[in-house]
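Enquirer: My questions will all concern the structure given below.
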Amino acid sequence: MSEINNSVLLSTFLNGKKKVKIIFHKAVLVWDNEKPPLEQHTVPIENVISVQPNYLKATHPSMQRQIDPNQFTIHYAEKAVEDRWLYKSLSLKHNDSLQVASWVKTLQNHISKFHKRPKHLLLFVNPFGGKQNAMQIYEKYGKDLFAIAGVEVTVNVSQRKDQIRDFLITHNLDTFDSVACVGGDGTVSELFNGLVVRECRANGINPNDIHQVLPKPKIPIGIIPGGSTDTIAYCLHGTTDPTTAVLQIIFGDTLGLDLVSVYDEHNLLRLYASVLSYGYLGDVAYHSDQYRWMGPHRYDYSGFKKLVLNKGYQGEIAIYTDKKETEQEDCKSNCQICDRAKLNHERATCKWETFRGKFFMVSGANISCACSRSPKGIAPYCHLGDGKVNLVLVKHTSVFNNLRLLLRLSSQDASVDDLPFVETFSAREFCFRADNGSPSKWNCDGEVQHQTNIRAKVRCQLLTIFSRGSEKVRDNKGRCCNI
């Protein structure tokens, strides 16, 4: 291993008609044009997707492809703006075939040390979510890149709701080292709900018992956005760009994502990764279902109707909290807050606090819930893996205040936590009970949950996700929590 890490290569190749001087040292590739204009490129080996020899052009269709001993191609990824990654390639030619063979073997040996990179991927495609173009997204952005990376992909196209969940619970997955999906937040939810229930059954654990420690699925998952808002993918990768999502899977780097398990009086209803919301967002999710023919615009239409209606809901909410303010730090790559939570998930200092009132909206955010429509999200400083949920309570006031709330949510600069009718708490568990009357519904990762009285519990870093995280840094103004 030390010999590989200390490898040094230095050669001059032809890239088309240009001479390129390239060096490989300390696991980093650096190349530049031998003559002006100089244009230096630096690529760490962990950003190299594959290194492959080129093939000679066949003179007849029936001829078998033959390797060109004098050419090879480096396939790599390069970080662009706004957390986007781009696929690129560099084709090199040399008259000395031994030089080519040495470069190919050395670089391939380095790449082979990335044992966490997937080789056998089970990919679920939901053709009905969002703009109903999930298969086109896979064909355009995923298929060729996975082939270049040497990832064998088995595609499973879902035909009904909960089919992905049911498949993962009942089928043998021994031939796969990873699973992924192309779809929206609802599709992602089916994926991890199926994996967690599967793991519970394999370990003889009753998932309906809130006091049980839910087992962590052993298989990592990838998320390729193909829905309406794609909040989960946006918060993980910092973008909903499909190429970026595919490359995150190929890289094989992972992070831990909290899940929140939601129960009624007797059973586990489901787990969620983004937000569980009652009142306004619950009503929007419930009533927009009848306008599915409108596509993503159904949320705008239903949202406007419910905004003007301005319905409030009486309820009681109990919060299991340690009364500590959530640190006002962004959750990004190599997050120290999430790393500490992984090592020490302390609950001893938590106590229950109870609140009653009339609410326009109650939201338990497991992640910031940022997306293209809401750049900061409803909980800007919520972390991916800190073992806590940010509970946002919006009191029932006026239509004007509701508009203020939505304008804040759609702003890149403002947040909602300093509005006088909004309170934000950090919690490890929470319970909600509706008062008598006409209750709302819960919006759970974009899906409608009809049970009104629930209890929710955070499961610290229960999922292993293919992602290097986001590097976005927000303006740290305002308080994150008022406890």
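Enquirer: Only one of these is in contact with a strand residue (DSSP E or B) (Cβ under 9 Å, 6 or more places away or on another chain), at pLDDT 85 or above, under 18 Å from residue 391 (Cβ atoms) and of a type in the set (Ser, Thr, Tyr): 354, 326. Name it.
Expert: The conditions single out 354.
Enquirer: Only one of (1) under 23 Å from residue 147 (Cα atoms); (2) exposed (fewer than 13 other Cβ atoms within 10 Å of the Cβ) is not met by residue 47, so which one is it?
Expert: (2)
Enquirer: Let me ask something else about it. Looking only at the stretch 385-404, which residues are more than 21 Å from residue 232 (Cα to Cα) and either open to solvent by 10 Å² or more (accessible area, probe 1.4 Å) or without any contact (Cβ under 8 Å) to a residue 24 or more places away in the chain (or both)?
Expert: Quick first cut of the stretch 385-404, residues more than 21 Å from residue 232 (Cα to Cα) only: 393-404.
Once the filter is applied, which keeps residues that are more than 21 Å from residue 232 (Cα to Cα) and either open to solvent by 10 Å² or more (accessible area, probe 1.4 Å) or without any contact (Cβ under 8 Å) to a residue 24 or more places away in the chain (or both), the stretch 385-404 yields 395, 396, 397, 398, 399, 400, 401, 403, 404.
Enquirer: Cβ-Cβ under 9 Å, sequence separation 6+ or interchain: first residue in the stretch 348-361 and farther than 20 Å from residue 416 by Cα, partner among the aromatic types (Phe, Trp, Tyr). Which pairs?
Expert: Correct list of pairs: 350/320; 351/320; 352/320; 353/320; 353/425.
Enquirer: Still on this structure, please answer the following. Restricting attention to the stretch 415-427, does a residue exist that is part of a loop (DSSP other than H, G, I, E, B), open to solvent by 20 Å² or more (accessible area, probe 1.4 Å) and not polar (S, T, N, Q)?
Expert: Checked against the condition, which is being part of a loop (DSSP other than H, G, I, E, B), open to solvent by 20 Å² or more (accessible area, probe 1.4 Å) and not polar (S, T, N, Q), the stretch 415-427 yields at least one hit.
Enquirer: Give the residues of the stretch 27-44 that are open to solvent by 60 Å² or more (accessible area, probe 1.4 Å) and at pLDDT below 95, sorted by residue number.
Expert: Hits for the stretch 27-44 are 34, 35, 36, 37, 38, 39, 40.
Enquirer: Might you let me know whether the stretch 54-66 holds any residue that is at positive phi and not β-branched (Val, Ile, Thr)?
Expert: As a first pass, look at the stretch 54-66 and keep what is at positive phi: none.
No, the stretch 54-66 contains no residue that is at positive phi and not β-branched (Val, Ile, Thr).
Enquirer: Go through the stretch 341-384 and report how many residues are buried (at least 24 other Cβ atoms within 10 Å of the Cβ) and among the β-branched types (Val, Ile, Thr).
Expert: 3
Enquirer: Any residue in the stretch 112-128 that is loosely packed, with under 15 Cβ neighbours inside 10 Å and over 16 Å from residue 250 (Cβ atoms)?
Expert: The answer is no, given that none of the residues of the stretch 112-128 is loosely packed, with under 15 Cβ neighbours inside 10 Å and over 16 Å from residue 250 (Cβ atoms).
Enquirer: Just to be sure before I move on: is residue 209 open to solvent by less than 10 Å² (accessible area, probe 1.4 Å), on the phi < 0 side of the Ramachandran plot, among the acidic types (Asp, Glu) and not in a helix (DSSP H, G or I) in the structure I sent?
Expert: For residue 209, the condition - open to solvent by less than 10 Å² (accessible area, probe 1.4 Å), on the phi < 0 side of the Ramachandran plot, among the acidic types (Asp, Glu) and not in a helix (DSSP H, G or I) - is not met.
Enquirer: Just to verify a result, which residue in the stretch 98-130, among those that are of a type in the set (D, E, K, R) and within 19 Å of the chain's Cα centre (by Cα), is farthest from residue 241 (Cα to Cα)?
Expert: Filtering the stretch 98-130 for residues that are of a type in the set (D, E, K, R) and within 19 Å of the chain's Cα centre (by Cα), the one farthest from residue 241 (Cα to Cα) comes out as 116.
Enquirer: Residue check, residue 189 against (1) among the small types (Gly, Ala, Ser); (2) open to solvent by 10 Å² or more (accessible area, probe 1.4 Å); (3) under 22 Å from residue 378 (Cβ atoms), all met but one. Which one?
Expert: Unmet condition: (2).
Enquirer: Sticking with this one: Go through the residues of the stretch 224-233 one by one and say whether even a single one is closer than 16 Å to residue 371 by Cβ and open to solvent by 20 Å² or more (accessible area, probe 1.4 Å).
Expert: Checked the stretch 224-233: at least one residue is closer than 16 Å to residue 371 by Cβ and open to solvent by 20 Å² or more (accessible area, probe 1.4 Å).
Enquirer: Can you list the helices (runs of 4 or more DSSP H) lying wholly within the stretch 75-179 that have 3 or more residues being modelled with pLDDT of 95 or more and closer than 24 Å to residue 192 by Cα?
Expert: Where helices (runs of 4 or more DSSP H) fall fully within the stretch 75-179 and carry at least 3 residues being modelled with pLDDT of 95 or more and closer than 24 Å to residue 192 by Cα, they are 134-137, 163-170.
Enquirer: Please state which one of 105, 131, 79, 93 is under 28 Å from residue 233 (Cβ atoms), open to solvent by 40 Å² or more (accessible area, probe 1.4 Å) and either touching a residue at least 60 places away in the same chain (Cβ under 8 Å) or out of contact with any helix residue (DSSP H, G or I) (no Cβ under 9 Å at 6 or more places or on another chain) (or both). Step through it out loud before you land on a result.
Expert: Numbers: 105 fails: under 28 Å from residue 233 (Cβ atoms); 79 fails: either touching a residue at least 60 places away in the same chain (Cβ under 8 Å) or out of contact with any helix residue (DSSP H, G or I) (no Cβ under 9 Å at 6 or more places or on another chain) (or both); 93 fails: under 28 Å from residue 233 (Cβ atoms).
The conditions single out 131.
Enquirer: Ok, one more. Give the residues of the stretch 180-203 that are assigned to a loop (DSSP other than H, G, I, E, B) and either of a type in the set (Ser, Thr, Tyr) or modelled with pLDDT of 95 or more (or both), sorted by residue number. Steps first, please.
Expert: First, pick out the residues of the stretch 180-203 that are assigned to a loop (DSSP other than H, G, I, E, B): 184, 203.
203, the sole residue that qualifies.
The values are calculated or read from the model by the stated rules, or taken from the named source; none is laboratory data. None of the values given here were measured: they were computed from a predicted structure. Backbone-built Cβ (ideal geometry, glycine too); neighbour counts: all protein chains shown. SASA here: full protein model, heavy atoms, side chains in, ligands and nucleic acids out. Shrake-Rupley method; radii C 1.70, N 1.55, O 1.52, S 1.80 Å.
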